[in-house]
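A quick write-up on the structure given underneath.
No lab work stands behind these numbers, since they all come straight from the coordinates. Everything numeric in this text was worked out from a predicted model, so none of it was measured. Methodologically, a virtual Cβ is constructed for each residue, glycine included, from the backbone with ideal geometry; neighbour enumeration extends over all protein chains shown.
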Protein chains: 2
Amino acid sequence: MAMREMTGDDCRALLARSSLGRLGCSLEDQPYVVPINFAYEGDYLYFFATYGQKIKWMRANPRVCVQVDEIAGQFQWQSVIAVGSYQELEEPRFELELAHARKLLERPYRWWLNVLAERQLKSDEELIPPLFFRVRIESLSGLDNVSESETAG
Amino acid sequence: MAMREMTGDDCRALLARSSLGRLGCSLEDQPYVVPINFAYEGDYLYFFATYGQKIKWMRANPRVCVQVDEIAGQFQWQSVIAVGSYQELEEPRFELELAHARKLLERPYRWWLNVLAERQLKSDEELIPPLFFRVRIESLSGLDNVSESETAG
């Protein structure tokens, strides 16, 4: 077993083949971490969410951290950490980016619309449209926990 | 599909059967998230780690967040968030707690000692003993994303 730092290319490759990450935000130095679907492209990670604690906090403090991993076993994993800044994709300013984010996140977004539609059928609950946002990646690092056979090859 | 809040008992049950979580810490409102093994008991989550960014940050700001989930599929998951405070298990003050943490984390800790021993055989690298710490849980919440068949039952 050995632990080694991942190259930038390896980090980006992991982001590209993943769709679930953990988003960390912070308010008055209280951290908060949630699992969230994302899509990666270029220097950005794209997300959607309904308004709640994380959106409120990221509007107040746009500094975020996104952690993504692939865990094959308790002692065999890769983990990437992207540090960056929150950017809400509001219209009209981010009209093109918003359409792009919708397309990139089509599958989870469509699922989410179904959940909302079902919820509405059952109650008088007001429809809360999801917000789209992206995180501009400012730094990227990763650790790879590989078995000896792989490192020796 | 429906999303519902988990009870405290359900949150604790998830912590009890899990061994991997994501630890979020923060320094000057920059969040940082890492995957980490833990053991849960009572009001505490127990961990070990070698000295590095997260330890440095948690010593400076003991407010942390630990997120633990069980993900059966992209749209079927449970997620628990524990907010609490960092407490380093130093001797002599925490001698008993330290012995207890070592016992609770025996399996990953033993694996870690092997990694360190192998590393030492190969290089002149100085042995860095791991630190043990615990997080005192101050609040606990969870979301359960269940299928209709289960909620209707």
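Averaged over peptide A:61-70, the number of partner chain Cβ atoms lying within 10 Å of each residue's Cβ comes to 4. For the range A:1-109, which GluC sites (Glu not before Pro) are in a loop by DSSP, counting at most 13 other Cβ atoms within 10 Å? Within the range A:1-109, the qualifying GluC sites (Glu not before Pro) (loop, at most 13 other Cβ atoms within 10 Å) are A:E28, A:E90.
Cα centroids of the range B:39-82 and the range A:36-79: 15 Å apart. For chain B, set up a GNM with springs between Cα atoms under 10 Å and report which of B:A13, B:A39, B:A101 has the largest fluctuation. Evaluated over chain B, the most mobile residue of the options is B:A13. Under the convention that each Lys and Arg Cβ holds +1 and each Asp and Glu Cβ holds -1, the size of the dipole of chain B around its Cα centre is about 340 debye. Seen from A:S85, the other residues with C-beta closer than 13 Å to its C-beta sum to a net charge of 0, counting Lys and Arg as +1 and Asp and Glu as -1. Relative contact order of chain A: 34 percent, from C-alpha pairs under 8 Å at least 6 residues apart in sequence.
Placing unit charges on each Cβ (+1 for Lys and Arg, -1 for Asp and Glu) gives chain B a dipole about its Cα centre, and among B:V33, B:T50, B:A60 the Cα reaching farthest toward its positive end belongs to B:T50. Ordering B:A72, B:N145, B:P92 by Cα displacement along the dipole of the range B:2-152 toward the positive end leaves B:P92 in first place; charges were set at the Cβ atoms of Lys, Arg (+1) and Asp, Glu (-1). With point charges of +1 on the Cβ of Lys and Arg and -1 on the Cβ of Asp and Glu, referenced to the Cα centre of chain A, which listed residue (A:V83, A:F132, A:L23) lies farthest in the positive direction of the dipole? In chain A, that residue is A:F132. The loop-placed trypsin sites (Lys or Arg not before Pro) in the range B:61-149, going by DSSP, that have at most 15 neighbouring Cβ atoms within 10 Å of their Cβ come out as B:R93.
Charge dipole of the protein assembly as shown (Cα centre as origin; +1 on each Lys and Arg Cβ, -1 on each Asp and Glu Cβ, all else neutral): 0 debye, rounded to the nearest 20. Against chain A, whose longest principal axis is taken from its Cα atoms, helix A:106-122 shows a tilt of about 40°. Under a 5 Å amide H cut-off, with hydrogens placed 1.01 Å from N, A:E90 pairs with nothing among residues at least 5 apart or on other chains.
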